[in-house]
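Structure record follows, encoded as structure tokens.
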Amino acid sequence: MPGDLEKIHAVINNLKPSEKKIADFILKNPQEISELSISELAQKCRTSEASVVRFCRTLGYKGYQDLKIKISSDIVFKTRKIQGVVNIDDDAKTIIAKISKNNMQAIESTMDIINLREVERAAEAILRAAKVDFYGVGASAFVAQDAMHKFMRINKACTAYLDSHMQLASATNLTKDDVAVGISYSGQTADTVDALRLAKNAGATTICITRFGNSPITEVSDIKLFVIANEAVFRSGAMASRIAQLNVIDILFSIIACRKYDDIVKYLEKTSEAVSIRKY
């Protein structure tokens, strides 16, 4: 399945030492996995078969055989793709292809690892919320702003303050009837994590949109929506990860719009009419 190597890479620093050895070996030698028995892998990693089994369960696989199949599929999938790393001597045509492929792969990989039950829980929580706060800084702030724009147009009370102090103040005043959504690909953005923690302490339902694996933001989240992205170039630009996060927002919005279509279409028509008068 596309994205399994990325999934392992995302959680490697959170694994126990014995499991980390296994993850490190798989990432460095993915082509060998299909040929190794569980005992052979354990020997190469200088660990036990039990550790391999625990590693598989930690990553959500049914067992070692399932892991082997998924990794093999991931390798086949990647050989069909243009390598996404942009080089300084690439021409415009090549960069167009690489960036576009990388963004598409981020969405495809996220589709493979996102949990359907968690998506449904998040949509239901937002649908029933009296108010929704979206928190994000840097590139994630634009994702938060996009979410606010979408949900505001369907008459959902929501905020997406760019100022971190405003985020903290708003989070403090939330109640059990409200929802807070923290957006941070790294899962370690202090401003976002702090705001989400305050929201949780206030009784609100907390949701995070972040990279796969445990992180500070998942520790303060009731509902976890994971994304996976490999940046083609300039990680500070948060290109593919931002696309994956925006895709999750679109999914949540669309689910809610479908469930309350008769009501929501009226709000969309009203807001569309209001905005249309500003066109020349």
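Any read-out appearing in this document is the output of simple, stated calculations on the displayed coordinates, not a laboratory observation. Model, not experiment: these values are computed from the prediction. With ideal geometry, Cβ positions are generated from the backbone for all residues, glycine too; neighbour counts draw on all protein chains shown.
Overview of results
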| read-out | value |
| --- | --- |
| Which of D74, D177 has the fewest Cβ neighbours within 10 Å, and the rest in rising order | D177, D74 |
| Near-label residues of the stretch 10-39 by backbone N, under 12 Å of a point 7 Å along Cα→Cβ of I69 | none |
| Distance (nanometres) between label positions extended 7 Å along Cα→Cβ at R46 and N13 | 2.4 nm |
| Distance (nanometres) between label positions extended 7 Å along Cα→Cβ at D89 and E124 | 5.7 nm |
| Whole-angstrom Cα spans of the chain along principal axes, big to small | 66, 48, 36 |
| Within the chain: Cβ-based charge dipole about Cα centre, in debye rounded to nearest 20 (Lys, Arg +1; Asp, Glu -1) | 180 debye |
| Inter-site label distance for R117 and A97 at 7 Å from Cα along Cβ, in nm | 4.3 nm |
| Highest-first arrangement of 129-135, 102-108, where packing means the average Cβ count within 10 Å | 129-135, 102-108 |
| Total charge dipole magnitude, the stretch 1-158, about the Cα centre, Cβ charges on Lys, Arg, Asp, Glu only, Debye to nearest 20 | 360 debye |
| Cleavage-rule hits, trypsin sites (Lys or Arg not before Pro), the stretch 161-257, DSSP coil, Cβ neighbours within 10 Å at most 14 | K176 |
| Value at 222 nm in deg cm²/dmol, rounded to 500, when DSSP H runs of n ≥ 4 in the chain each add -39,500 (n - 2.57) | -18500 deg cm²/dmol |
| Size of charge dipole - the stretch 1-80 - debye, nearest 20, with Cβ of Lys, Arg +1 and Asp, Glu -1, no other charges | 180 debye |
| Cross-link pairs beyond the 22 Å C-alpha cut-off, checked among K200/K270; K28/K70; K21/K62; K7/K176 | K200/K270; K7/K176 |
| Dipole axis of the stretch 80-153 (+1 Lys, Arg; -1 Asp, Glu on Cβ), positive-most option in I107, A122, I88 | A122 |
| Most to least packed among 156-164, 214-222 [average Cβ atoms within 10 Å] | 214-222, 156-164 |
| Prolate/oblate/rounded call for the stretch 1-156, Cα gyration tensor, a/c under 1.5 rounded | oblate |
| Neighbour-count ranking [beta-carbon atoms within 10 angstrom, fewest first] of I209, I255, I223, I88 | I88, I255, I223, I209 |
